[in-house]
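Note sheet for the following structure.
Only the coordinates and a few stated rules stand behind these numbers; no lab work does. Since this is a predicted model, take the numbers as computed values, not measurements. Every residue, glycine among them, receives a Cβ derived from its backbone with ideal geometry; neighbour counts consider all protein chains shown.
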Amino acid sequence: MATQEDKLKKVIGHAKEYGFVFPSSEIYDGLSAAYDYGQLGVELKNNIKEYWWTAMVKMHENIVGLDASIFMHPTTWKASGHVDAFNDPLIDNKDSKKRYRADVLIEEHIQKIEAKIQKDVDKAKERFGDAFDEVQFRATNPNVVRRQEEINGINNRFKTSMEAENLAGVKTLIEDLQIADPETGSRNWTDVRQFNLMFKTELGAVSGDSGIIYLRPETAQGIFVNFLNVQKSGRMKIPFGIAQIGKAFRNEIIARQFIFRMREFEQMEMQFFIKPGTQQEWYEYWKNERIRWHKALGMGEENYKFHDHVKLAHYADAACDIEFNFPMGFKELEGIHSRTDFDLMSHEKFSGKKLQYFDPEENQNFVPYVIETSIGLDRMFLATLSNSFVEETLEDGSERTVLRIPPALAPVKAAVLPLLKKDGLPEKAREIMKALRFDFNCQYDEKDAIGRRYRRQDAIGTPYCITVDHQTLEDGTVTIRERDGMKQDRVDMKDLSKIIGDRVAFKNLFV
Ligand code: GAP
């Protein structure tokens, strides 16, 4: 059976072969952790953006959009805390010379213990069948309880050390847990050091410290500094949100696992401004909204879980991740953070400008609290691509690779295929192409046998193939083949736009 790692390799190979994702500047042997989206990748990415934008901006009367610049005044990053606190604790292995994030080494150690717990749970489930009570088992089974206590102990030690900025304590924890270099097994570690993740560059002709500016490490700050601009010009009333899609940059210590962790990536973030004291209620609201958005895609409810943060970021009073079951296991896909009034207060302090909302009902000013939802577009892309990648053996023994991409997100919605390259069939097929291409991204293909053309469309996730044959010339009907079940129906070509439109519409995801 293929391992999960094999699956990721296959997805990467498939993504390159079919024009979804290419390594960046490949002719120069590539640049580590940078990727380019190809002709189909850009379509899938745009569709994911549209799904998010529709859900956040179009479906909420009180959420509006923004497109702020990547460069911001450098004091922004002082105020946001990124200059002082946007660090990762790094550690080097003296033998292998490899560099790791200390927190990730510890997290991976915890994941191994969690996997042992899961194994015990699965075994018991099998033994007890329907009578199995997982909650009770987890609370009472001595092995599980002992392991869970071990995890809690590690989490507590890590949290306490980080809060006290005690990096020596983090190193001792790594040593006590006997964590070894994952690649070489060596336990010969350096001290743990903090490393700032922001990329610096210089502005215009000014050199030296005064000209230093940063590539934004999150899009959120563009929203905070525009809070009053949007509120006043849009006459927005609290609660309201500002949504933005854009590039962010982080000098990640280790960037790997394909497009999962890159140094240049795209975020889709929304800051929801609320009355202080209502943050718990809105935090729960956005957790529900966001998980609903994910699950509506039909990529398997079991593939999502919430993970509460142990170590809270410097701005948050509550935070969790929505994790997705990637080929590398469950990993963070989206973050939901209750950011308090940290950012607006801090920008007030550093800029000397008031960033307050006047509440006409209570006749008073206040600095709003904020709930943030923040999802990585590239991670969502990887989630969609890896989840949809399936290798199937069909009833007749033949094999096919199919991308079961949710139809609304599929890069190409329909392929128009004349059965033969003669007898007027290509001309008829072109006529259909012309009629459909305003509504959908379509492909025309007349090369090779029809079976091979179906396979090519399966491999890029096209939900519908329309075949034009001799009967089309007689009665204006075509066959429409559905990607997943491969069932074919004969329909009137005049109905194609409606039939496909109904099935690929974003609307279907919102019912
Ligand atoms: N404004 C809050 C913020 O930026 P975050 O948890 O650091 O929070 C939010 O990032 C999301 O951005 C993550 O859940 C992830 O999907 C994505 N992300 C973060 N770093 C990334 C990276 N190096 N490569 C790709 N995506 C990344």
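The table below lists the values:
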read-out: Three-way shape call for the stretch 207-366 based on the alpha-carbon gyration tensor, with the a/c threshold at 1.5; value: oblate
read-out: Length gained when the stretch residue 39-residue 87 is fully extended (0.36 nm per residue, less Cα-Cα span); value: 13.7 nm
read-out: Out-of-range pairs (alpha-carbon distance over 29 Å; input 331/487; 45/421; 97/200); value: 331/487; 45/421
read-out: Distance cut-off 17 Å, percentage of C-alpha pairs in the stretch 96-153 lying past it; value: 47 percent
read-out: Nearest 10 degrees, 0 to 90: helix 425-436 Cα axis against the chain principal axis; value: 40 degrees
read-out: Extension gain, residue 511 back to residue 31 (0.36 nm per residue minus Cα-Cα distance, nm); value: 168.5 nm
read-out: Computed lengthening from residue 228 to residue 350, 0.36 nm per intervening residue step minus Cα-Cα distance; value: 42.3 nm
read-out: Helix-derived mean residue ellipticity, 222 nm - over the chain, DSSP H n ≥ 4, -39500 (n - 2.57), to 500; value: -11500 deg cm²/dmol
read-out: Cα long-axis angle, helix 342-351 against the chain (0 to 90 degrees, to the nearest 10); value: 70 degrees
read-out: Reachable aspartates and glutamates from residue 494, criterion Cα separation under 15 angstrom, eight or more residues apart if same chain; value: 431, 439, 474, 475, 502
read-out: Sites residue 484 and residue 252 - FRET efficiency at Förster radius 30 Å, r taken between beta-carbons, to 0.05; value: 0.25
read-out: The stretch 234-280: Rg to Rh, with Rh as the Kirkwood radius over Cα pairs; value: 1.19
read-out: Kirkwood hydrodynamic radius over Cα pairs of the chain, then Stokes diffusion coefficient at 37 °C and 0.692 mPa s, in µm²/s; value: 126 µm²/s
read-out: Sparse-neighbourhood loop sites, trypsin sites (Lys or Arg not before Pro) in the stretch 1-40 - DSSP loop, at most 10 other Cβ within 10 angstrom; value: none
read-out: Cα shape, the stretch 198-293, gyration tensor, a/c 1.5 rule; value: oblate
read-out: Rounded, prolate or oblate (a/c below 1.5 giving rounded, otherwise prolate when a/b exceeds b/c) for the stretch 385-455 by Cα gyration tensor; value: oblate
read-out: Sites residue 160 and residue 188 - FRET efficiency at Förster radius 30 Å, r taken between beta-carbons, to 0.05; value: 0.70
read-out: Zone of residue 210's modelled label, taken as backbone nitrogen in the stretch 50-84 under 16 Å from a point 7 Å along Cα→Cβ; value: 74-75
read-out: Angle in degrees between helix 377-388 and the longest Cα principal axis of the chain, rounded to the nearest 10; value: 50 degrees
read-out: J(HN,Hα) series, the stretch 291-296, from Karplus relation 6.51 cos²θ - 1.76 cosθ + 1.60, nearest Hz, glycine and proline x; value: 5, 5, 4, 5, 5, 4
read-out: Spatially proximal aspartates and glutamates relative to residue 353 (Cα-Cα < 14 Å; intrachain offsets below 8 disregarded); value: 343
